[in-house]
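Peer 1: Handing you this structure, nothing more for now.
Rule-based calculations on the coordinates, nothing more; no lab input. Treat the numbers as computed from the prediction; the structure is a model and nothing was measured. Cβ: placed from backbone, ideal geometry, glycine included. Neighbour counts: every protein chain shown.
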Amino acid sequence: MFAMLMRRRWLGRVTVVTAAVLLAGLGAAAYAAIPAVIPDADGTIHGCFRTTQGSLRVIDPSAGDSCGPSETALDWSRTGPQGPQGPQGPRGPAGPEGSGHAFTATSGGSVPIHGPTVVVTLTGLPAGTYLVWSPIEVVGDTESGTNNTCLFVVNDSTLVVGEGDTFMYDAKDPGFGRADMFAIITVPADGSTIATRCDANTDGAREFGRTTALKVAAVN
């Protein structure tokens, strides 16, 4: 009878110990099932540094972890305060020259026969290379003859023959003609001039035009 009673008590203790171990295991498993949030939402990694031993451990504050009294909290990947502005760097090389503004002028008047006359003049041009358009219209002329041409004059001395330098006349109105002048012109110095000079086959014909010069860095 006594032996049976002792056996029951021993089995009861074993059952209690087994249940405690089982509960502890379940708790550990449940804790392990909770994923650690490292780094946290803003990309910061939190850690604790033990100053006396030099050890370092990573913690998850969202899971209730924190540093102990003998540890110093450390954070990584966190943006710190903006530092002072550094010294100005060296000046960079000059970039390629871009297109300048366009120069334009309009004019017109009577042209004597066999007397080349300046129709339009651009003045005050900076030195450089220009794309120059100067369409000229003539009224009261005739296509009978060889004086129906135009050309460019740079600084009253250099002659430049452009494309479209000959007047083309309207089949329905033979007295009306047009010369679509164009040229690439380089002027040597600031303050230069480009004039469009034209002739006519008929004395007293009237010519009108607009000259536009666009300064460019280069023409390929």
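Peer 1: Filter segment 92-136 for residues that are surrounded by 17 or more Cβ atoms within 10 Å (Cβ to Cβ), under 30 Å from Asn220 (Cβ atoms) and either over 34 Å from the mean Cα position of the chain (by Cα) or aliphatic (A, V, I, L, M) (or both) and give the result.
Peer 2: Ala105, Val120, Leu122, Leu125, Val132, Pro135, Ile136
Conditions tested, residue by residue: (1) under 40 Å from the mean Cα position of the chain (by Cα); (2) surrounded by 15 or more Cβ atoms within 10 Å (Cβ to Cβ).
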| site | (1), (2) |
| --- | --- |
| Phe152 | yes, yes |
| Thr158 | no, no |
| Gly177 | no, yes |
| Gly204 | no, no |
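Peer 1: A further question on this structure: Of the numbered conditions (1) part of a loop (DSSP other than H, G, I, E, B); (2) farther than 19 Å from Ile184 by Cα, Gly100 satisfies every one except a single condition; which is it?
Peer 2: (2)
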